[in-house]
Amino acid sequence: MPDQWRGMDLGAMGNPDVQTPNMDALASGGALLSNVTANCPVCCPARGTLLTGRFGHQHRVDVNDAPLPDAELTIAEIAQDHGYRTAFAGKWHLEGGKRLPGFVKPARRQGFQRWAANICSHSYWNMHYFRDSPDPIPIDGYSAKAFTDETISFIRRDPNTPFLAYLQWGPPHNPYVAPPEYMALYEPERLRMRENWRGPVEFRPNRTIGSRADIAGYYAAITFLDHEVGRIVSALRETGQFRNTIIVITSDHGDMLGSQGTYLKRKPWAESLHVPGIVHWPDGVVPAQVLSVPFSHVDFVPTMLGLAGMAVPSVVAGTDLSRHISDSTRSQPSGLPESVYAQSYTPTERGEHPPWRAVRSRRYTYARHQHGPWLLYDNDSDPYQMRNLADDPQHAAVMARLDDLTMDWFRRTGDDWRERRDLPYR
């Protein structure tokens, strides 16, 4: 799980500028989920959801830098109960408190046995991380490689015992950097900007986000991580476990990078909300699928449990779509969601928009504030979301239907309009 990697920046999703041959091969050999939504497109809430299969207001990490409660049931704890050995490597960011490359006590690791991680750092060179003591382990060079090394070491240690490994890299999250040989692959002036790109946006005084140079660095980091995915695939092949291992690739949220004239995440536009989705398993997933069914972060835990033959606990809020991914004879099995639910419990970064709630269907994106509609896009006819149809009388019936869906999700999940504020980590 790379951090802040938007769904359209993958070769298999049709971006010709970014080089991702290893992930493209996994997509063509398995299921490419083309319509994956981050339920809450900001770091900590998304990470809590990807471990629990529950919405942010349910697992109580609804803002950045809040701790995931010990009482929450995670996929690692479930897997451990089924005899799996478990491991976590990379950026944790569920400990709460200060945002630093700090130590997480074993009692706070939510079911992960082997540990090679820190709380949070985006200083990608010469970082440090921790195992089972508070003694820091320095990383020489670009940090993502060290976390891949730790994951490969875990796989090789006992490949014949079932295992669950979560690898959560920091890039391509800003500051949009990668090793020099990868930066050299991308010339900023040769890149094709998205049609809704409005150039670099002021982030802080004398600092912008979304320049061509930023996007080149972003692509370079993605290509580096693609190489790391290739290393993991090689390790699985060498240990004889490639065909018997489910590989899942996604991200916590996207990055606006100047599209719609804004930056970073927390927005209901596709660049923030849409994340990659690849599920590869030669022994259990039908290859060469492109699935447009609405899918979201809450669905990953139940779907992975379903693929692995484990029961999904009733506390999980997401939908088990494993049959849809693995059944080659399916037509349209019952139980497929009509829409997925998305939220921002906080205002957007610059405070220009209040908290919002949204749904994403196969065709439409709809978002509203507490007091009424905000955005409506037909993603089929307007893939860059440049025409807001919320005030279009011809789409009033569609908008009313989507608003009903949104508020149905709101009520069923126990959501509320209480405005949250990120915890002051500095």
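With all protein chains in place and a 1.4 Å probe, the accessible surface of region 8-54 carries 52 percent carbon and sulfur.
Accessible surface area normalised per residue over region 271-426 is 46 Å², counting heavy atoms of protein chains with a 1.4 Å rolling probe. If only the Cβ of Lys and Arg carry +1 and only the Cβ of Asp and Glu carry -1, the dipole of region 130-246 around its Cα centre is close to 340 debye. For region 224-372, a simple Cβ point-charge model (Lys and Arg +1, Asp and Glu -1, everything else neutral) yields a dipole of about 360 debye relative to the Cα centre.
If one puts a single equal scatterer on every Cα of region 342-389 and applies the Debye formula without solvent, what log₁₀ I(q)/I(0) results at q = 0.20 Å⁻¹? Log-scaled intensity ratios, in q order: -0.69. On the protein heavy atoms, probe 1.4 angstrom, tell me the percent of accessible surface of region 185-226 carried by carbon and sulfur. With neighbouring chains kept in place, the figure for region 185-226 is 46 percent.
Per-residue ellipticity at 222 nm, computed for the chain from helices alone with -39500 (n - 2.57) per DSSP H run of at least four residues, works out to -8000 deg cm²/dmol. The smallest convex shape that holds all Cα atoms of region 260-356, its convex hull, gives 129 Å³ per residue. Taking the Kirkwood radius as Rh and the Cα radius of gyration as Rg, region 279-410 has a ratio of Rg/Rh equal to 1.03. Taking the dipole about the Cα centre of region 75-125, with the C-beta of Lys and Arg at +1 and of Asp and Glu at -1, give me whichever of 123, 92, 110 is farthest to the positive side. Result: 123, furthest along the dipole toward the positive end. Once the chain from residue 283 to residue 234 is taken as fully extended at 0.36 nm per residue, the excess over their C-alpha distance is 15.9 nm. Once P(r) over Cα pairs in 20 Å bins from 0, in percent is worked out from the coordinates, which option in (1) 16, 22, 19, 18, 11, 9, 5, 0; (2) 27, 55, 15, 3, 0; (3) 27, 62, 11, 0 does it equal? Read-out taken from this structure: (3).
Couplings 3J(HN,Hα) for region 313-321, derived from phi with the Karplus relation 6.51 cos²θ - 1.76 cosθ + 1.60 (θ = phi - 60°), are x, 5, 5, 5, 8, x, 9, 7, 9 Hz, where x marks Gly and Pro. A cut-off under 12 angstrom between Cβ atoms defines the neighbours of residue 163, and their net charge, with Lys, Arg +1 and Asp, Glu -1, is +3. The packing ranking, built from the mean of other Cβ atoms within 10 Å per residue, places the peptides 13-25, 337-349 in the order 337-349, 13-25, highest first.
Loop-resident GluC sites (Glu not before Pro) (DSSP state other than H, G, I, E or B) in region 133-233 with no more than 14 further Cβ atoms inside 10 Å of their Cβ: 195. Accessible surface computed residue by residue for region 103-238, with neighbouring protein chains in place and a 1.4 Å probe, gives 46 Å² per residue.
Computed from backbone phi with θ = phi - 60° and the Karplus coefficients 6.51, -1.76 and 1.60, the 3J(HN,Hα) list for region 274-285 is 8, 10, x, x, 10, 10, 10, 7, x, 7, x, 10 Hz; x is used for glycine and proline. Listed values for region 52-57 are Karplus-derived 3J(HN,Hα) couplings in whole Hz (6.51 cos²θ - 1.76 cosθ + 1.60, θ = phi - 60°), namely 10, x, 10, 6, x, 6, and x replaces Gly and Pro.
In this structure the amide hydrogen of residue 36, modeled in the peptide plane, comes within under 5 Å of the amide hydrogens of 275, none closer than 5 places in sequence on its chain. Placing +1 on each Lys and Arg Cβ and -1 on each Asp and Glu Cβ, with no other charges, gives the chain a dipole about its Cα centre of roughly 520 debye.
The values are calculated or read from the model by the stated rules, or taken from the named source; none is laboratory data. On a predicted model such as this, the values are computed, not experimentally measured, just so you know. Don't worry about glycine lacking a Cβ; one is built from the backbone with ideal geometry, like all the others, and counts go over all protein chains shown. For accessibility, only protein heavy atoms count, side chains too; no ligands or nucleic acids. Shrake-Rupley method; radii C 1.70, N 1.55, O 1.52, S 1.80 Å.
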